[in-house]
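Notes for the one structure printed next.
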Amino acid sequence: MKLFLATSNRHKQKEMQELLPEYEILIPADAGIDFDPEETGTTFYENSLIKARALWNLVHESVIADDSGLCVEALNNEPGIYTSRYAGPAFMHGKPDGSRITQDEQNRLLIEQLNATGSANRKCYYTCAMVLLMNPDRLFVAQETFEGELIRSIDDQAGSGGFGYDPVVFLPQYGKTVAEISAEEKNLISHRGKACRAIKKILESLKS
């Protein structure tokens, strides 16, 4: 069975293909589709549904969409839904002109911003809201989290696996950052892995 994934991120496509090996996971670019919907929601779920509906309107086939981000407790759970647009304390929700900074800059600025608060609380968690859209009126949702701690200094970042903020999120139970654990380990415990397994159960139930 073919499933369209509402993203332009090849890293996400790779993760989802590993999580759903029984399915062919395609992203819009695989079908020659330019896909960049405006995410105007105020929650992970709302943005996920916006992306799912936007892609379904283009392909008219089953779509999986997810919206995910990193929430830092001492920063009032920011950057949250603005994680990909985060550009430091002056632009928590993204720059007005829509320009983005590099991931390395995002990682450094987030650590510096947390350190500037003086808070001893370094707890953070990833959130993933995943939508399976079968047609405009039939959808299923799973939302999960993945807990860790922000490292104390950007000099402590480590690992080449994963993507995004993974090198700066430390997992005490492993003694490693998310970027240092294997893809198999990450898929077992990650926000996206847990949400995807819930969606997979729904997909399997729809077959029976």
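The values are calculated or read from the model by the stated rules, or taken from the named source; none is laboratory data. Just so it is clear, the model here is predicted, and its values are computed rather than measured. Cβ: placed from backbone, ideal geometry, glycine included. Neighbour counts: every protein chain shown. Just the protein is used for accessible areas: all its heavy atoms, side chains included, with ligands, DNA and RNA removed. Shrake-Rupley method; radii C 1.70, N 1.55, O 1.52, S 1.80 Å.
Some observations on this one:
- Scanning the stretch 37-55 turns up no residue that is of a type in the set (Phe, Trp, Tyr) and farther than 30 Å from ILE111 by Cα.
- Residue in the stretch 190-201 that is in a helix (DSSP H, G or I), without any contact (Cβ under 8 Å) to a residue 24 or more places away in the chain and within 25 Å of GLU61 (Cβ to Cβ) present: yes
- Looking at ARG197, ARG192, just one residue is closer than 18 Å to TYR125 by Cα and either surrounded by 13 or more Cβ atoms within 10 Å (Cβ to Cβ) or under 20 Å from the mean Cα position of the chain (by Cα) (or both), and that residue is ARG192.
- Every residue from the stretch 46-92 that is free of Cβ contacts under 8 Å to residues at least 60 places away in the same chain, assigned to a helix (DSSP H, G or I) and among the aromatic types (Phe, Trp, Tyr): TYR82, PHE91
- Per this entry, ARG152 is counted among residues that are charged (D, E, K, R) and more than 20 Å from ASN47 (Cβ to Cβ).
- Listed by first and then second residue, the pairs with beta-carbon distance under 7 Å, at least 6 apart or on different chains, first residue in the stretch 142-164 and of a type in the set (Val, Ile, Thr), second loosely packed, with under 15 Cβ neighbours inside 10 Å, form an empty list.
- Lone unmet requirement of (1) within 20 Å of LYS14 (Cα to Cα); (2) more than 19 Å from the chain's Cα centre (by Cα) for GLU185: (2)
- Those residues of the stretch 112-133 which are more than 17 Å from LEU70 (Cβ to Cβ) and open to solvent by 40 Å² or more (accessible area, probe 1.4 Å), in sequence order: ALA116, GLY118, ALA120
- Close pairs from the stretch 167-180: first without any contact (Cβ under 8 Å) to a residue 24 or more places away in the chain, partner open to solvent by 10 Å² or more (accessible area, probe 1.4 Å) and of a type in the set (S, T, N, Q), Cβ under 8 Å, at least 6 apart: ALA179/GLN157; ALA179/SER160
- Condition check for GLU38: closer than 22 Å to ILE189 by Cβ and either in a strand (DSSP E or B) or out of contact with any His (no Cβ under 9 Å at 6 or more places or on another chain) (or both): no
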